[in-house]
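The values are calculated or read from the model by the stated rules, or taken from the named source; none is laboratory data. Note that the coordinates shown come from a computational prediction; the quantities given were computed from them, not determined experimentally. Here the Cβ positions follow ideal geometry from the backbone for every residue, glycine too, while neighbour counts run over all protein chains shown.
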Amino acid sequence: MTASETDRVTAAVQRLRHAGLRNTAARRAVLGQLAHAVGGRGHLTVTELHHALLARGVTVELSTVHRVLRQLVELGIAHTVPVGRTTTFGLADDAHHHAVCGACGDMRQLPDEAVDASIAAARAVGIDPDPAGQPSGVVVYGRCAVCRAATR
């Protein structure tokens, strides 16, 4: 069962408070936008996130968005997925896996069963890809069909 955007933000705010951080308007706005992004590719660049907040009428400086994202990643509330020369951010409240086109940056979520063998192989060599309390995931890089067709 997938948690609602509100439930995801509430859980993240609880983790912020547990870490001793205040529930500021900027943090709530960033968390809300990251929770909302799940409907699309699930991750946003700092610039995309900043523009989305401004479009919603949330007045926040780009430097504040950077700072909030850094805090969220340090606390394990958000995670990063490198895409080309940029980094995307998504909520890390559950383990999930991605396939990323290295050419255009298209990102798709992979079903858990698609990467079960890779996770088992990591555990077999002594690496726990999902340590307790820190959901993680597998990222597979390649080229999408559109980019493959364009290079022919």
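Just checking, does the stretch 111-124 include any residue being in contact (Cβ under 8 Å) with a residue 12 or more places away in the chain, farther than 24 Å from ALA145 by Cβ and not assigned by TED's automatic domain parsing to the domain that holds GLN14? There is at least one residue in the stretch 111-124 that is in contact (Cβ under 8 Å) with a residue 12 or more places away in the chain, farther than 24 Å from ALA145 by Cβ and not assigned by TED's automatic domain parsing to the domain that holds GLN14. For the stretch 1-111, the helices (runs of 4 or more DSSP H) that sit wholly inside it and include 2 or more residues that are among the polar types (S, T, N, Q) and surrounded by 13 or more Cβ atoms within 10 Å (Cβ to Cβ) are 62-74. Residues in the stretch 68-110 that are outside the structural domain of GLU5 (by TED's automatic domain parsing) and polar (S, T, N, Q): GLN109 only.
One line per residue, one yes/no per condition, for (1) among the hydroxyl-bearing types (Ser, Thr, Tyr); (2) under 29 Å from VAL13 (Cβ atoms):
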| position | (1), (2) |
| --- | --- |
| GLU61 | no, yes |
| VAL68 | no, yes |
| LEU72 | no, yes |
| THR88 | yes, yes |
| ASP93 | no, yes |
| ALA99 | no, no |
| GLU113 | no, no |
| ASP116 | no, no |
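Tell me yes or no: at least one residue of the stretch 72-94 is modelled with pLDDT of 85 or more and of a type in the set (Asp, Glu). Yes, the stretch 72-94 contains at least one residue that is modelled with pLDDT of 85 or more and of a type in the set (Asp, Glu).
Quick one: is ARG56 of a type in the set (Lys, Arg), touching a residue at least 12 places away in the same chain (Cβ under 8 Å), in the same structural domain as ALA78 (by TED's automatic domain parsing) and closer than 18 Å to PHE89 by Cα?
Judged against the criteria, ARG56 is not a match.
For ALA149, indicate whether it is among the aliphatic types (A, V, I, L, M), over 17 Å from the mean Cα position of the chain (by Cα) and closer than 18 Å to ARG28 by Cβ. Judged against the criteria, ALA149 is not a match.
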